[in-house]
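Reviewing the structure listed below.
The values are calculated or read from the model by the stated rules, or taken from the named source; none is laboratory data. Source: prediction; values computed, not measured. Note that we place each Cβ from the backbone using ideal geometry, even for glycine, and neighbour counts take in every protein chain shown. We work out accessible area using only protein heavy atoms, side chains counted, and drop any ligands, DNA or RNA first. Shrake-Rupley method; radii C 1.70, N 1.55, O 1.52, S 1.80 Å.
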Amino acid sequence: MNRHTVGITRLFFLAALLGVLAIAASAGAAGEMNAQTPPETRTLSPYFFVKSDDPSVDQLPLKSTRARVVIAGVIADVRITQVYKNEGGSPLEALYVFPASTRAAVHAMRMTIGERVIEADIMERNLARQTYEQAKQAGQTASLLEQQRPNVFQMNVANILPGDVIEVELSYTELLIPENQTYEFVYPAVVGPRYSETPAAGAPDNQQWVENPYLHEGAGTPYEFGLTVELRAGMPIERLTSPSHEISTGYSGPDQADISLKKDPQAGNRDFVLRYQLAGKQIQSGLILYPGEEENYFLLMMEPPARVVQDNIVPREYIFIVDVSGSMNGFPLDTTKALMSEIITNLNRNDMMNVILFAGGASALSPDRSLPATEENKKRAINWINSQHGGGGTRILPALQQALSLPETEGCSRIVTVATDGYVNVEPEVFELIRRNLGRANLFAFGIGSSVNRFLIEGMARVGQGEPFVVLDPAEAPARAAGFRQYIQSPVLTGISVAFDGVEAYDVEPIAVPDLFALRPVTVFGKFKGAPKGKVTVSGRTANGDFRKSISLSENAASPENSAIRLLWARHRIARLSDLNNLVQDDRRVEEVTSLGLEYHLMTAYTSFVAVDKIRRADGSLVTVKQPLPLPQGVSDLAVGESAAYKSAQYGGIAPAPGSMRLLSEARTNYDAEKAAPEPLPVQGAFSTAVEEIRGGLNRAETERVLAGIRGKIETCALRRMKSSRAEAVFRVLVNADGSVKDVLSVNSSGFDDSLLSCLEIVFRNVRFKVQAGREGEVFLKIKVAGPGPGK
């Protein structure tokens, strides 16, 4: 819309003004804020951090976080050290939300206080939380590590006394699987803000982490961030790069490299990515064996066959689902535009296509059916995507529902692609929706941004039997688009089966190997009985015929140093069971995951690490502080749906001064309009709308039908923005030739405040009118409300 930029500018101005007001405010303003924002209507949402002037409270207790990574062959061992220090005058409890790899097997934690080192115990989640709370109440220093998502952890450290320095170390192991002869190690550095519609009141404990403070766009990391990598590849290293950070690299041999980050105060606001290739484009393949004390474990990595492109490719139907929410504003959306333009431009003329954009709502390029990939339709789709600016919530479920309900085009193979940063809090619901509705299609997920939600991106592709991609910046978009086109032309290997001859194997993971789209090894974990002998055979079909390859078990492959395989096997089984639980909850699977976590000393959704110092060190109450996080690089302030003014001061933030509540109401306009909550309206007045005039290519009956569908949202905007008992306004809605709304203009208004126009702009953003081909139109809409009094 023409007014969209004005609205965004107004929002930034309000945010800046609120920040100034907040810093000058007194703590007593929190009472008014909470009174104005009923707790029962508040959702779990990230908020902006506002530092108070209380010198007794250290609101940034995390002083540094650093990682030491050792990569030996295909296994990475990572040790993260977090240093907490209380520079205030009151005892603290610090809460810190941080990410990890979705493949991480977290197996150890320790806490150091001075010269005392306390090794953490693994416990069932509820018991670990009880143990921590008891220690906290008893004045003992304690730390608790919980998994909130497979890639999101929360650290709690209680009873950090003034002047204390406490170190917490955690260790994890993960398997590196090369793709297209390239190895990639990713160290996630920051958790992006999550859009959530979950009510804050009564939210389960594994959801509450979403309500976390964030610094404003462009702010530096509030703690030191460091990382080193010791790479021991086992084969000569040919090429080593980091697309995310500037690095310093030293070589101690042809297969050994030491990597560190160059000094950068904002190094911690994005994922660290390291990519390398081995000489001759080789990859590590074969069998690795671990002779355990009670059970023997194996890891098979078999190089895939070369890709063969079929001459006659089956026509494809592409459904592109594109995130245009607030968190995508700027660099992520620019990257998405470049990616979509590259993919759509190169569609074949016998392909079909459709585009669905989503933010607070969803709208389709062609609501009823997919369109032929003609030059005209491709240009229309690209122009529509390129016209987006990014704003609003991230309601991915309605977009997926709309896409998956579209009728399939006969004779075409359907490919569904989703482009998003993944900043949502409904991952299980998304996985279940895809599983139930995708049918025979494949889903490819593109994670867009410097610190995407890889749990969602990888999970959607896994459930959708496709492939995940992560695009860090616009420069990567062409290569990723080309890779996508190459993958979908023909899978590398289908109908894969794994057979064991001369060896008794059991507890094999995965149970069934899915089709292989990417050029990555076939990877199988498992256990075996007796001496290592016999062979493992992988077979399948390629575009060029049958494939079959065998590898023999050998004593030479067995070593006690391969103990990480035991943890990786358990982590893989836990991930599979957890995936199933995300789809259909089963108490028996919960028990099995819990048992595996306790037996293998691993972090899971149902097991946590807790470390308790036996010495009582504190008396009295604690101040709980949530460590604020930087916004990921390239993510704008629009990703944070609610400002600090809508959160209580209990975590170290303070509310705006009483006189600023009117500004807060205006700043919240977009959020209110998108949520359009069903709670009782503040005014039970008589509301009516009427179409006064229609111009251009619009049909009255069809236009009134469309307006009837959004009448409730228009009423919500109107009733909440009355200044008197009677209010009336006329608005002019400009409609593009494709049926989308170009702009909403105020003709006259009486009895409403100025924020009504902004609210209606949001309501009409996702509306699509039916118009005569090639003709624009206009609607003059009259709104009247008569009620007992103002709705403020």
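Tell me, how many Å apart are the Cα centres for the range 242-304 and for the range 185-208?
29
Heads up, I need the accessible area for CYS412: 1.4 angstrom probe, whole protein in place, Å², nearest 10.
It works out to around 30 Å².
Tell me the Rg and the Dmax, in Å, that the Cα atoms of the range 699-792 produce.
Rg then Dmax for the range 699-792, in Å: 13.6, 46.
Residue separation times 0.36 nm, minus the C-alpha to C-alpha distance between GLU432 and THR537: what's the value? Write out the running numbers ahead of the final one.
On the way: separation 105, 0.36 × 105 = 37.80 nm, distance 3.33 nm.
That pair, GLU432 and THR537, stretches by 34.5 nm at full extension.
No partner Cβ under 4.7 angstrom, meaning no disulfide-compatible partner by this rule: which Cys of the chain qualify?
Cysteines of the chain left without a disulfide-compatible partner: CYS412.
Picking from MET328, VAL229, PHE764, whose Cα lies most toward the positive end of the charge dipole for the chain (charges on Cβ: Lys, Arg +1; Asp, Glu -1)?
PHE764
Count the DSSP beta bridges whose two residues both fall in the chain, then state the antiparallel fraction as a percent rounded to the nearest 5.
Details: 148 of 190 bridges.
Antiparallel bridges: around 80 percent, rounded to the nearest 5.
Could you work out what % of the accessible surface of the range 309-407 is carbon and sulfur, using a 1.4 angstrom probe and leaving DNA, RNA and ligands out of the count?
Numbers: 1670 of 3720 Å².
The nonpolar share, carbon plus sulfur, comes to 45 percent.
How many angstrom separate the Cα center of the range 602-623 from the Cα center of the range 406-442?
41
Please report the relative contact order for the range 259-343, taking Cα pairs under 8 Å with a sequence separation of at least 6, and give it as a percent rounded to a whole number.
Values: 26 pairs, mean separation 12.1, N = 85.
Averaging sequence separation for qualifying contacts and normalising by length gives 14 percent for the range 259-343.
Which value in deg cm²/dmol, rounded to the nearest 500, describes the helix-derived mean residue ellipticity at 222 nm for the chain, given -39,500 (n - 2.57) per DSSP H run of n ≥ 4 and division by the residue count? Let's see the in-between values first.
Values: 16 runs with 191 residues, N = 792.
Estimated from H runs of four or more residues: -7500 deg cm²/dmol.
Count the net charge of all other residues whose Cβ sits under 14 Å from the Cβ of ILE71, scoring Lys and Arg as +1 and Asp and Glu as -1. Please report the intermediate quantities before stating the final value.
On the way: positive: ARG68, ARG79, ARG103, ARG232, ARG275; negative: ASP77, GLU174, GLU184, GLU230, ASP255, ASP258.
After counting each charged neighbour, the total is -1.
Report the local net charge at TYR423: Lys and Arg +1, Asp and Glu -1, summed over other residues whose C-beta lies under 9 Å from its C-beta. Walk me through the intermediate numbers first.
Values: positive: ARG194; negative: ASP323, ASP421.
Counting the neighbours of TYR423, the net charge comes to -1.
For the chain, with only Lys/Arg (+1) and Asp/Glu (-1) charged at the beta-carbon, what is the dipole magnitude about the Cα centre, in debye rounded to 20? Could the numbers behind the result be given before it?
Details: 81 positive and 90 negative charges, 332 e Å.
Around 1600 debye, computed over the chain.
Mind grabbing the accessible area of HIS107 for me, 1.4 Å probe, Å², rounded to tens?
Surface open to solvent at HIS107 totals about 50 Å².
Per the Kirkwood treatment, what hydrodynamic radius in Å, one decimal, follows for the range 132-271 from the mean inverse distance over all distinct Cα pairs?
On the way: mean 1/r = 0.0530 Å⁻¹.
Here the Kirkwood hydrodynamic radius works out to 18.9 Å.
For the range 487-519 and the range 447-461, compute the distance between their C-alpha centroids and round to whole Å.
Cα centroid to Cα centroid, the span is 24 Å.
Assuming a viscosity of 0.890 mPa s and a temperature of 25 °C, what translational diffusion coefficient in µm² per second does Stokes-Einstein assign to the range 269-349, Rh being the Kirkwood radius over Cα pairs?
On the way: Rh = 18.7 Å.
The estimated diffusion coefficient comes to 131 µm²/s.
With all protein chains present, how much of the accessible area of the range 87-164 (probe radius 1.4 Å) comes from carbon and sulfur, to the nearest whole percent?
45
Given Cβ point charges of +1 (Lys, Arg) and -1 (Asp, Glu) and nothing else, what value in debye, to the nearest 20, does the dipole of the range 365-420 about its Cα centre take?
On the way: 6 positive and 5 negative charges, 38 e Å.
Using only the charged Cβ atoms, the result is roughly 180 debye.
Suppose a student asked you for the relative contact order of the range 31-171, using Cα pairs under 8 Å spaced at least 6 residues apart; what percent would you report? List each step's numbers first, then the result.
Working: 223 pairs, mean separation 42.1, N = 141.
Averaging sequence separation for qualifying contacts and normalising by length gives 30 percent for the range 31-171.
What's the carbon and sulfur percent of the range 244-305's accessible surface, probe 1.4 angstrom, rounded to a whole number? It would help to have the intermediate numbers written out before the result.
Values: 1180 of 2740 Å².
So the carbon and sulfur contribution to the accessible surface is 43 percent.
Arranged from highest to lowest average of other beta-carbon atoms within 10 Å per residue, in what order do the peptides 317-329, 223-235 appear?
By packing density, highest mean first, the sequence is 317-329, 223-235.
Sort the following peptides by mean Cβ neighbour count (other Cβ atoms within 10 Å, averaged over residues), highest first: 63-71, 278-286. Working shown, then result.
Details: 63-71: 18.0, 278-286: 16.0.
Sorting 63-71, 278-286 by mean packing, highest first, produces 63-71, 278-286.
Using alpha-carbon pairs under 8 Å, 6+ residues apart, how would you state the relative contact order of the chain in percent?
Once divided by the residue count of the chain, the mean separation gives 19 percent.
With a 1.4 Å probe and all protein chains kept in place, how much accessible area does GLU238 have, in Å² rounded to the nearest 10?
Result for GLU238: roughly 110 Å² accessible.
Ranked highest first by average number of other Cβ atoms within 10 Å, how do 491-502, 414-425 line up?
Working: 491-502: 16.3, 414-425: 26.0.
Highest to lowest by the protection proxy: 414-425, 491-502.
Amide H neighbours of LEU227 under 5 Å, counting only residues 5+ apart in sequence or on other chains, H built in-plane at 1.01 Å?
ALA67, LEU261
Can you list the equivalent-ellipsoid semi-axes of the range 110-188, largest first and in whole Å, using the square root of 5 times each Cα gyration tensor eigenvalue?
Numbers: eigenvalues 199, 51, 21 Å².
For the range 110-188, the semi-axes come out at 32, 16, 10 Å.
If we count every other residue with Cβ under 15 angstrom of LEU62's Cβ, Lys/Arg +1 and Asp/Glu -1, where does the sum land? Don't skip to the answer; put the middle values down first.
Details: positive: LYS51, LYS63, ARG66, LYS85, LYS626; negative: ASP58, GLU87, GLU93, ASP164, GLU167, GLU169, GLU224.
Once positives and negatives cancel, what remains is -2.
Choose one of GLY696, GLY360, THR624: the residue whose Cα lies farthest towards the positive end of the charge dipole of the chain (beta-carbon charges +1 Lys, Arg; -1 Asp, Glu; about the Cα centre).
GLY696
Based on Cβ point charges of +1 for Lys and Arg and -1 for Asp and Glu, what charge dipole magnitude is obtained for the range 49-170 about its Cα centre, in debye rounded to the nearest 20?
Numbers: 13 positive and 15 negative charges, 90 e Å.
Rounded to the nearest 20 debye, it is 440 debye.
Let me understand the range 333-415 better: what is its radius of gyration from the alpha carbons, and its Dmax, in angstrom?
Reported Rg and Dmax, both Å: 12.8, 37.
Express the accessible area of the chain per residue in Å², computed with a 1.4 Å probe while the remaining protein chains stay in the model. Show your work: numbers first, answer last.
On the way: 31750 Å² over 792 residues.
I get 40 Å² per residue for this part.
Seen from all sides and averaged, what is the projected area of the convex hull of the Cα atoms in the range 467-540, in nm²?
Details: hull surface 24.8 nm².
Over all viewing directions, the range 467-540 projects a mean Cα-hull area of 6.2 nm².
Counting C-alpha atoms alone, how compact is the chain: give Rg to one decimal and Dmax as a whole number, in angstrom.
28.0, 87
Select from ILE574, SER550, SER45 the residue farthest towards the positive end of the dipole of the chain; place +1 on Cβ of Lys and Arg, -1 on Cβ of Asp and Glu, and compute about the Cα centre.
SER45
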